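Below is one structure; the comments refer to it alone.
The values are calculated or read from the model by the stated rules, or taken from the named source; none is laboratory data. These numbers were taken from a predicted model, which means no experiment stands behind them. All Cβ positions, even for glycine, are placed from backbone atoms using ideal geometry, and neighbour counts span all protein chains on display.
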């Protein structure tokens, strides 16, 4: 007879873990500082990314020829030299695509390879497969392309004037904002340009396509949305979904940049693999990655606001104009989110929020941590500073005054009631712990005594809506197996990009069975294990996949309980999962032992799990509903010092208080907060995207595009989680999402820079400081105030 | 005598290679030839540090017991040509574990939750490893200096700093310490080998060992490309897909890799990496030492050289303005004949120099400071570390006390980023020379600077910013030179003071 694997019996288990475990927490370790599941491998160079996979037999390398024009008809494309180049095995154009030629993720508009015209510099024209990465890159440069240049739209202003939009404008209206503004004691209006942001994931875009025996394709990709890659590959190849398998073990960073824009490279690799019958890898060199993939949308926003003598807003009009690039991509939802977050944490009263989706001849801008939310919030944070300077008050006072109330003034401009609002408590607590008032005083004094160096400080809050605003995406699946040695295999629809999702979901499953978290192995996200998954985006990874995995684990656990009751004649209440053991009445089995017994008694030890977010609904036509299950909140105090002769600056101290509900893993959550803050700070300070007048990106490599380096992190960096704050909504272990919300805490640095600049004119004028606030912009803001004085 | 191979230690294994294109980078070699994928490619341009590996090489200096010692240097594998490995020990992230046990440089990152996506992690591990090989108890500043060339997009760095700052005093002996004497012995043997050559794909790499060999090589093949650290040249290969037919590596040329001091001068070999002369320069010119700490990052300073930075003749190189302001000279060598010129006279036009065919830079000579002289340096860039200057200002001012103040008797105001070549602002200098340093003379110098330069607008800065900031730096320098400010120096990059 076949034998089962030897397992430890209950008696051989120690109680060590029980001693270590906290009361009410248990062995899975939900709520504790578990290390990232890949950490040991990552530090040893053993973690495998797509480009690290051993080459497949006969593997070829793909590359694409790129448009050199921002907008043009293609008159002719001579690829003879490309075809003749060393190492080239295959060259394809859009004519060779058997299925769909448009791979727009939501709306059409993204040709996989150019169809007769080009709409941005860097647009893929044709693709080659060659025997090496370098030979493929060299070959594509040999194409001779003749263009008929067309007029290009390269500024948001031009797009607005020409009504060049990728999607129709949309408005959210409450009451009569015009009358309210006019009736208010004070009126202000202004505008702000908010720069975009390159994702600069350290691992660039990469996919490998491997043809399978039945005309299908296996794809190994670095993508936040394996199911969409599966769909698009199937569509371009004109084959059914069940012939495409997408495998995504881990990404070297995503940040939104691999939500939709990982797919084109997978599709092109698949097309070439299909043509050649050989595996094809396509990875983008950094410079091409920066030129050819979309970024955070630059926005140009304007407003008119009316407020009372205390500084409380009575009426407001805000227009947000997103630079979407040449195609819709996700821009409809991104500009919607900018509109939803035009309030940030504040009650807008009578309001009209308009969002335009401007079409420009640049790369199609895409998801990026915050998804338009940050660009929307910038306007209202600007307004807070403007009102404060206008009335001669501390901006913090104005921010507090305008916060959403608890019982009244608590309904957003899209009719969602802000429930469980804890921002006033968070701000109060942070104001005290950061010693804001005393430092404010000291800074004002310092500035009075120093003519060259000036300091600034600001406290800004964040309220961020959690859920996909596209309702059907708020679902997730998971698959859990228990093997006969008691180890557990976990698959879920989410993808690991460093955020610790796999670690948290493994903790949740381990918690359910009360086993060590090491017992659970989380596999690559694979479309054949969990189908029809949503992108890992919108901060929803743990909320959705954690619940789905918990459901799967609960199903298996219930089967084990039912089985125990039947087999050992006990009540369900007498079956306990504890310390790697299953206790049945008076008997104790190790979890592994009990799994074997269950197997021998033909109990299914595998289950799927499913979850959909409750309570959410939204009527876009009416602009009313509850698009968000809950809000994630937090606040930040940052202090900066600037040099008024050069515009150089430094963030000297940052204090953050973030509400993550009951944290599933505080170490991972703190890592998310710190990293998000620094990324947000980079967006608003040194990260400058520069396009020239022909629409070519000049900041196209890390030598010219500067993300924060180690010296830019605040020297004094204090991050705390709101204690004892379980999410009142029934989320997974009452935790809260953490991926995006702290990104916007970086706004405190921008506001602090303005505070420092404002000191030059005794805080009487609010400096204009568009972002990114490079040393150049800071210097010119200083000079403008000096000449104004 | 030459040998058609290069030899190096791959961790503890002696490797001899031939028939590989010398345009191959160490990163390509590791990933594509050795199938070692632990070292990552983030940018292939030396900007992100994900590919950081460590090269151990014999130090020029003996240790306190007069024994040969190893220098552990972090370098960017993506912009290091394969041939440069000759005679060294290459250590990658895969080599650090001792059996199943993580190295301290790895374990501390795990313990501090310093990985998220993990793609930058191997690079941080290697930079931290190299740091601790020389300094087991680094302070925060030393950690930042060692890790500034490693970008992380996920963590915000706090956790990584906490990891690297952890003392390694009690970490125990790692495998490199255990093999230390063997490594020294092997590298000493490799030193005795004939001049290494690497041929492949019709291209050649040669590493002459002395100045005569180098001069002969260049005379015989004037179209050869000189390479030292390769921190700029390699980008033409990895970014522009250029192929260099003949690479002549100067880093092994004995006469080009020395630093000597006379009573009045410091003579630095053109192929000596920054990291080996920064301390000397910092001693005599603190501003210069501080500025060099902001050239590239540690990995670049471990391989980059003065000869490269000057010879490259980029308008945005950071050393040329400093050298011009100091009145430094350079010695050029052409087939046995040497000439000495002012660094200032080296540059003719954008990327054009007085260097003749087959001529090369042997050394740079910097005068030591004397009483009454001041050197002030300002590097203006978007980011503090690892960024190319929008403007680099180097001010040398010599003053003599007079009855009614301090008369400027000698002045050189040199700028990078303001013109097609590094250049002095002669009109601004004229406004200061012979006058007392006063608010008025400084205002005149600022105004005069507008006639000296017509800077350009590019991705780093606008013309207007360049001019404004260059003018303001003259004022800043003036303020800093006032005695009242000596205790309140306005640092190049603002600090909390």
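Annotations
- Residue in segment A:629-636 that is over 30 Å from residue A:513 (Cβ atoms) and within 14 Å of chain B (Cβ to nearest Cβ) present: yes
- Entirely in segment A:575-617, the strands (runs of 3 or more DSSP E) that have 3 or more residues that are surrounded by fewer than 19 Cβ atoms within 10 Å (Cβ to Cβ): A:606-612
- Being farther than 30 Å from residue A:122 by Cα, in contact with a helix residue (DSSP H, G or I) (Cβ under 9 Å, 6 or more places away or on another chain), touching a residue at least 12 places away in the same chain (Cβ under 8 Å) and within 12 Å of another protein chain (Cβ to nearest Cβ) holds for only one residue in A:743, A:717, and it is A:717.
- The set of residues from segment A:199-216 being over 30 Å from residue A:682 (Cα atoms) and within 14 Å of chain B (Cβ to nearest Cβ) comprises just one member, A:208.
- Selected residue [buried (at least 24 other Cβ atoms within 10 Å of the Cβ), facing chain B (nearest Cβ under 10 Å) and farther than 24 Å from residue A:202 by Cα] from A:685, A:654: A:654
- Residue count for segment A:85-108 satisfying the condition of being touching a residue at least 24 places away in the same chain (Cβ under 8 Å), farther than 26 Å from residue A:330 by Cα and exposed (fewer than 15 other Cβ atoms within 10 Å of the Cβ): 1.
- Those residues of segment A:691-704 which are closer than 25 Å to residue B:41 by Cβ and either assigned to a helix (DSSP H, G or I) or in contact with a strand residue (DSSP E or B) (Cβ under 9 Å, 6 or more places away or on another chain) (or both), in sequence order: A:697, A:698, A:699
- Residue satisfying all of: in segment B:135-175; touching a strand residue (DSSP E or B) at 6+ places or on another chain (Cβ under 7 Å) and more than 8 Å from every other protein chain (Cβ to nearest Cβ); surrounded by the fewest Cβ atoms within 10 Å (Cβ to Cβ) among these: B:175
- Taking segment A:390-408 as the range and being in contact (Cβ under 8 Å) with a residue 40 or more places away in the chain, closer than 15 Å to residue A:459 by Cα and either outside any loop (DSSP other than H, G, I, E, B) or touching a helix residue (DSSP H, G or I) at 6+ places or on another chain (Cβ under 6 Å) (or both) as the test, the residues that pass are A:395, A:396, A:397, A:398, A:399, A:401, A:402, A:403.
- The set of residues in segment A:691-714 that are more than 8 Å from chain B (Cβ to nearest Cβ) and either crowded, with 19+ Cβ neighbours inside 10 Å or under 22 Å from the mean Cα position of the chain (by Cα) (or both) comprises A:691, A:695, A:697, A:700, A:705, A:714.
- Residue A:223 fulfils the conditions (1) in contact with a strand residue (DSSP E or B) (Cβ under 7 Å, 6 or more places away or on another chain); (2) under 30 Å from residue A:60 (Cα atoms); (3) more than 14 Å from every other protein chain (Cβ to nearest Cβ); (4) not in a strand (DSSP E or B) except for a single criterion, (3).
- A Cβ distance below 6 Å, combined with a sequence gap of six or more or placement on separate chains, defines the contacts here; from segment A:26-42, residues that are within 9 Å of chain B (Cβ to nearest Cβ) reach residues that are surrounded by 23 or more Cβ atoms within 10 Å (Cβ to Cβ) and not in a loop (DSSP other than H, G, I, E, B) in the pairs A:36/A:503; A:42/B:121.
- Residue in segment A:144-152 that is within 22 Å of residue A:299 (Cβ to Cβ), crowded, with 20+ Cβ neighbours inside 10 Å and more than 28 Å from the chain's Cα centre (by Cα) present: yes
- In this structure, residue A:355 does not satisfy being on the phi > 0 side of the Ramachandran plot and assigned by TED's automatic domain parsing to the domain that holds residue A:754.
- In segment A:46-62, residue farthest from the other protein chains (Cβ to nearest Cβ) [restricted to those that are closer than 22 Å to residue A:224 by Cα and not in a loop (DSSP other than H, G, I, E, B)]: A:62
- Per-region count, segment A:392-439, residues surrounded by 15 or more Cβ atoms within 10 Å (Cβ to Cβ) and either within 18 Å of residue A:768 (Cα to Cα) or modelled with pLDDT under 95 (or both): 3
- Considering residues of segment A:657-671 that are surrounded by 24 or more Cβ atoms within 10 Å (Cβ to Cβ) and within 8 Å of chain B (Cβ to nearest Cβ) only, the residue farthest from residue B:465 (Cα to Cα): A:668
- The combined condition, being more than 25 Å from residue A:746 (Cα to Cα) and away from chain B (no Cβ under 14 Å), is fulfilled by residue A:229.
- When the strands (runs of 3 or more DSSP E) confined to segment A:90-188 are screened for residues that are farther than 30 Å from residue A:231 by Cα, those reaching at least 2 such residues are found at A:144-149, A:165-174.
- Restricting attention to segment A:619-639, the residues being more than 15 Å from residue A:341 (Cα to Cα) and assigned to a strand (DSSP E or B) number 6.
- When A:715, A:687, A:639 are screened for being touching a strand residue (DSSP E or B) at 6+ places or on another chain (Cβ under 7 Å) and modelled with pLDDT under 95, only A:715 passes.
- Condition met for residue A:494 (surrounded by 22 or more Cβ atoms within 10 Å (Cβ to Cβ), touching a residue at least 24 places away in the same chain (Cβ under 8 Å), more than 14 Å from chain B (Cβ to nearest Cβ) and in a strand (DSSP E or B)): no
- The listed residue being touching a residue at least 60 places away in the same chain (Cβ under 8 Å) and farther than 27 Å from residue A:502 by Cα, out of A:272, A:232, A:245, A:284: A:272
- Unique residue being surrounded by 15 or more Cβ atoms within 10 Å (Cβ to Cβ), modelled with pLDDT of 95 or more and assigned by TED's automatic domain parsing to the domain that holds residue A:287 when the list is A:140, A:194: A:140
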